[in-house]
């Protein structure tokens, strides 16, 4: 995991961060970059908790689309991120 902190403080630049993460997850061809971006969404979901629920709606369709990938690392990260979002 990238970060082991329990709670992340909200910032004013979250929308920019979410937009860039979504763009990376949906359009980047480098599987390592996509996998780390997916892991970042999981860390954000874990840290922001209820504040992340509105943003999770943006990421869920993109993450579900990544289940089509054949790379097991990416699929495992997607599964972990979605389970964290569900908590």
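The values are calculated or read from the model by the stated rules, or taken from the named source; none is laboratory data. For clarity, every value in this text was computed on a predicted model and none was experimentally measured. Cβ coordinates were reconstructed from backbone atoms using ideal geometry, including for glycine residues, and neighbour counts include every protein chain displayed.
Return the total of residues in the stretch 37-62 being within 15 Å of residue 80 (Cα to Cα) and in contact with a helix residue (DSSP H, G or I) (Cβ under 8 Å, 6 or more places away or on another chain).
13
Within the stretch 63-83, track down each residue that is closer than 18 Å to residue 46 by Cβ and touching a helix residue (DSSP H, G or I) at 6+ places or on another chain (Cβ under 7 Å).
The answer is 63, 77, 78, 80, 81, 82.
Provide a single number: the residues in the stretch 41-65 that are surrounded by fewer than 18 Cβ atoms within 10 Å (Cβ to Cβ) and without any contact (Cβ under 8 Å) to a residue 40 or more places away in the chain.
Residues meeting the conditions: 8.
Residue under question is residue 1, and the condition is that it be surrounded by 13 or more Cβ atoms within 10 Å (Cβ to Cβ) and either out of contact with any helix residue (DSSP H, G or I) (no Cβ under 7 Å at 6 or more places or on another chain) or at pLDDT below 90 (or both); does it hold? Reasoning before the result, please.
Details: surrounded by 13 or more Cβ atoms within 10 Å (Cβ to Cβ): no; either out of contact with any helix residue (DSSP H, G or I) (no Cβ under 7 Å at 6 or more places or on another chain) or at pLDDT below 90 (or both): yes.
So residue 1 fails the test.
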